[in-house]
1. Tell me the label-point distance for the pair VAL165, LYS379, using the 7 Å Cα-to-Cβ offset, in nm and rounded to one decimal.
2. Evaluate the relative contact order of segment 164-271 (contact order divided by residue number), counting alpha-carbon pairs under 8 angstrom at least 6 apart; express in whole percent.
3. Can you work out the Karplus-derived ³J(HN,Hα) for every residue in segment 452-459? Use 6.51 cos²θ - 1.76 cosθ + 1.60 with θ = phi - 60°, whole Hz, and x for glycine or proline.
4. Cα gyration tensor of segment 152-372, axes a ≥ b ≥ c as square roots of the eigenvalues: rounded (a/c below 1.5), prolate (a/b > b/c) or oblate?
5. Compare the peptides 249-259, 453-463 by average per-residue count of other Cβ atoms within 10 angstrom and give them in order, highest first.
6. Can you give the charge dipole size of segment 94-215 about its Cα centre, rounded to the nearest 20 debye, using +1 on the beta carbon of Lys and Arg and -1 on the beta carbon of Asp and Glu?
7. Can you tell me the Rg and the Dmax, both Å, for the Cα atoms in segment 260-414?
8. Stokes-Einstein at 37 °C, 0.692 mPa s, Kirkwood radius from Cα pairs: D for segment 381-452 in µm² s⁻¹?
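Nothing in this text is a laboratory measurement; each read-out follows from the coordinates by a stated rule. Keep in mind the model is a prediction, meaning the values are calculated, not measured. Note that we place each Cβ from the backbone using ideal geometry, even for glycine, and neighbour counts take in every protein chain shown.
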Amino acid sequence: MTAVPAPEVTVKATPPLPEPAPQAKIETPKKEAIPCPITEPTASFVPLAPSVSLPAPATPESKPAIQAEEKKPTTQPLFTGRVEHTPDLDKPARLRQNKGMLSVHDIANRELLDLVPYEPGKPVDDVARELGLDPASIIKLASNENPLGPSPLAQAAMRDAVDKVHFYPDGGGFHLRNAIAKSFGLGRENVVLGNGSNEIIELLFHTFTRPGIHEIVTTRYAFAVYTLMAQLFGVHAIVVDDVDFTPDLTAMLRAVTPQTRLIFLASPNNPTGTRVTNEALEAFLRDLPPHVIAVLDEAYYEFLDNPPDTVGQVRAGAQVVLMRTFSKIQGLAGLRIGYGLAPMEIADLLQRARQPFNANSIAQAGAMAGLADLDHQRKTKAITDEGRRVVEEAFARMGLKYVPSSANFVLVNVGDGGEVFKRLMKKGIIVRSMVSYHLPEYIRVSIGTPEQNARFLAELPGALEGLVKVTTP
Ligand SMILES: Cc1ncc(COP(=O)(O)O)c(C=O)c1O
């Protein structure tokens, strides 16, 4: 196996984001009758590139990551997910069979064999077991979960739903989809339920991409699941550079080719916590060609102070899919329930791609009640806003470079993220190392309760010893 070299990342002090603009009503993109540039490719399968190569970080003088005229042919994508090419697997299975060496690997999809699975936050029980710690003494600030726990109304509804688990769930999700639709002034036909919003990503690939033919566009520090899923589906991922950890929407548009079907944008993004401005988003959607679906990942939407009117885009029939989740503001991550909002025609296609009972009955009941629990959502936002202020101010006092966040977590440069992750874990604090995101100097820390934040900040200076110079803690 060839090791994939981590691209060099130049650490720059990150200036604060521009002031968000006042609540912007996004105009429906005016799609004129442009001839569709789709060309039906003839290649039946385009092999994955042998190694990962990312565009160099953009500097003010440098050209944008991808220039239209310099676009590489689709057989040579800039990036194809986190692929490690395994030359051995290219040997025809026949040869191995002759040697009596046929293994299931010879008959499995190669994309799957090359896949480096998504690395989730380390569970409390694993850490307790590995380090012999009392689980109750461990705090997990690694998966952007809700520090207040689940919505109490959702808990009560789920208890009631337990009595009926001998029935299959409502496969059509009638009540939950109606409730979601009503809360946004949409119709039930605009709502697609998912086993977490992650499943909506998968449905999008099923619906709009063909292996070896189509492409997606995303950004260097975008949520990892987009490129993972692209690899799994054998779809090329064109990854453009961010500017100060913020998606460069102009570069993303330039990267679109006739083969592009999905363009993924998370705002706020995970793991950077950055958002795009409402004006920039509006222009981006206006300029998107008609053969591309804008996938707006809004897992942290409810944490924004000045959110864009993206639901208005759905209402107006724009070529968008919004992805939302019950995992964050409602505190229901363990239930695995999320949803997509899209114009009816798109939502109808996505519905065809899903399993009949993808949203289980307990999840549907919990989500219904969680949606209505505005008090829990308000409290969650308040505790997050305050905790993020405390954590970011402490980072600033310590002289640490951090990325100002619009979500419930903060990305911070600690010199050696893998080492700090281990040192904090020994103290019973689980954060997220950013090695898998090619940010080896960083950790990402979720905002916890005031007590959890204080404990993390108290242990941090010790964990940084010998790694970065800290000013007054
Ligand atoms: C940006 C982003 N999108 C999607 C998800 C998936 O959320 P879920 O599948 O729990 O709804 C996450 C989870 O952390 C996320 O950070």
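1. With each label point 7 Å from Cα toward Cβ, the separation is 2.5 nm.
2. 25 percent
3. 5, 4, 5, 5, 4, 5, 6, 7
4. prolate
5. 249-259, 453-463
6. 360 debye
7. That works out to 17.2, 52 Å for Rg and Dmax.
8. Answer, rounded: 266 µm²/s.
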